[in-house]
Each structure stands twice: as structure tokens, then as C-alpha cells.
1. Got a number for residues in the range 135-148 being more than 10 Å from the ligand (Cβ to nearest atom) and either more than 16 Å from the chain's Cα centre (by Cα) or not in a helix (DSSP H, G or I) (or both)?
2. At least 2 residues that are free of Cβ contacts under 8 Å to residues at least 40 places away in the same chain in each: list the helices (runs of 4 or more DSSP H) lying fully within the range 215-321 that qualify.
3. Run down 234, 298, 220 and say which single residue is in contact with a strand residue (DSSP E or B) (Cβ under 7 Å, 6 or more places away or on another chain) and loosely packed, with under 15 Cβ neighbours inside 10 Å.
4. Scan the range 149-161 and tell me whether some residue there is free of Cβ contacts under 8 Å to residues at least 40 places away in the same chain, more than 25 Å from residue 215 (Cα to Cα) and away from the ligand (no atom under 16 Å from the Cβ).
5. In the range 64-73, which residues are over 11 Å from the mean Cα position of the chain (by Cα) and within 12 Å of the ligand (Cβ to nearest atom)?
6. Any residue that is crowded, with 16+ Cβ neighbours inside 10 Å and in a helix (DSSP H, G or I) - is there at least one of those in the range 183-197?
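Read the figures in this text as sums done on the coordinates, not as results from a lab. Keep in mind that what you see is a predicted model, and the values were worked out from it rather than measured. FYI the Cβ positions are ideal-geometry reconstructions off the backbone, even for glycines, and counts take in every protein chain you see.
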Ligand SMILES: [Zn+2]
């Protein structure tokens, strides 16, 4: 029995944790489609499955590419205290001040979003359907990551405060438990963002400000729960895994005052608004008439490679564990 418990707890703590979890990323991209105007829905609606499924490609790429990891987070508290005036928001100024190596090692999600937004705008200008879909799906991932408080903290998995596992708890376990049953994702319409850089930094600063709450509340709650109530063993796909119990998860969500639902809703709004902004900035091309409608052999192979590496491989660079 002891052996089983040891094996399962290892499984629990060594499972790679993903930004927002695959479940939430797929939902965010899926619901973001419904905020778009009709001129964009003609493309996004028939391709909603692709947009949703491929929202997780950037996480799969972390198994292929060393440089991928830092695009998903920023350890912003490395740069001082909120609102981190020491850290320049412009990429060139930031690398001038701290060197590119250092900036990369502490994470670069806000800057990477700007790069992706630029690429998506270009794809709209080129009227390249394959590129538009691929970049929309992936941009959605990084924007959603920027909304996760623990993606803006050095203590990203509670490893500094003995709260290992909190990363996946917040962004996977709770959405999987509650999103379909209780949360509401119908959110008005996408809006034009006049300053993309400013917008995303505001979201990152909000995430950073909330990271302390995410950690503090779990710490307090943990003290009031006996360990056998805090965790439960559940069977998933034939494997028994150690999980935060439903009772513990629901209590945590209540104490956070629905922060996770709110952050997910804000992610959906932001993702849709970035897509819309890229399209407007490209001159609102007619999406009924696009070129390159089929993915090339090379692109299809890349999708396959991502899947294979993710299934078989070890994550390159930092894991949130
Ligand atoms: Zn991610």
C-alpha cells in the first residue's frame, strides 16, 4: 500500500503543469470566437475546432524548443516591487538595461505577445488563411497565459513557500471542476485595442498583483484542512492520481471570490480583441477571399511533431513543478 501511495504522489507532483491547463486554453480560444464581428466569424466559426485544439501548441512546443518556455511567463517580481518601474516596457530598452540573456531567463510573455500580434497582422495583410488560423490559435495561448497570476511570479509553483502543485491547482484542477458546470463565458463583443503594449502590460501587472493572494489564501486554507481531506485519489484514464479534493478545490475557489472565472473571462475578451485589432490594423480584409487555405505538408508535419514530442518527451527548460 505504501508503495502505491508513494508512486501516486510522485505522479501527482511530477506531472508537467501547463499554463491554464489544456482544458482552459481550449475553452478560452473557443469562446473568444463568439465575440468577433460577422465579418470575422465567416472564417473563425467554421474553423473553431482548429482554433480551440491548437491553442495548446505553444505548450507542446516546450518539448521541442528550449527557447519556448520563457515566452509563457515573466518572473516580474525579480525586478523589484509592484508596479516594477525599474523594468522598461519596451523590448529594446529592457534588453539594453538587463541584457537579452537575462530578460529571456526571467520570461518574456508581454513582449512575445507583441511579436505574435505583429505576425498575425501581417498574415491578415497577406490574406494567408493558414497563417491567420495558426497564429490566432497560438496568440490566444500567450494572451491567456499573461492573465494567470502565477505566470507573473518567481514563486510560480509555490516552490518557495512549500505549496508545490498550486500552479496546476489554480489553472487546471479548478477550471476542470467548475467551468462547464458553473461559469459563464458569454461576454459581449471584441473591442479595438489602440495600444496593444499598454493593454498587455496592464494585464501582466494585474496578474502580478494577484499572485500573492493566490498563494496566501491557499496557505491559510491548507492550515484548516487535514491532509486526507485536502487530497483525494481519483481515477483518470485508468490511472489513479492524487488530486486536490473537490471539497478543498471548491473552498479555495470560494475564498478566491471567483478570481479564476474572472481571469478566464478577461482572457477570452482579450484574445478576441487582439484578433479583432490585428484584422482592423490590416485594413479589414474580406475573409471570404483568402489564399493558402490548406496547410502545407511542412505545417502538417510540424503539428505531428509537436504531438509526438509532447507525448514522448521531456519538457525542455523550466517546468512549473
Ligand atoms: Zn503556456
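1. 1
2. It comes to 227-230, 246-255, 297-312.
3. 234
4. No.
5. Those that are over 11 Å from the mean Cα position of the chain (by Cα) and within 12 Å of the ligand (Cβ to nearest atom): 68, 69, 70.
6. yes
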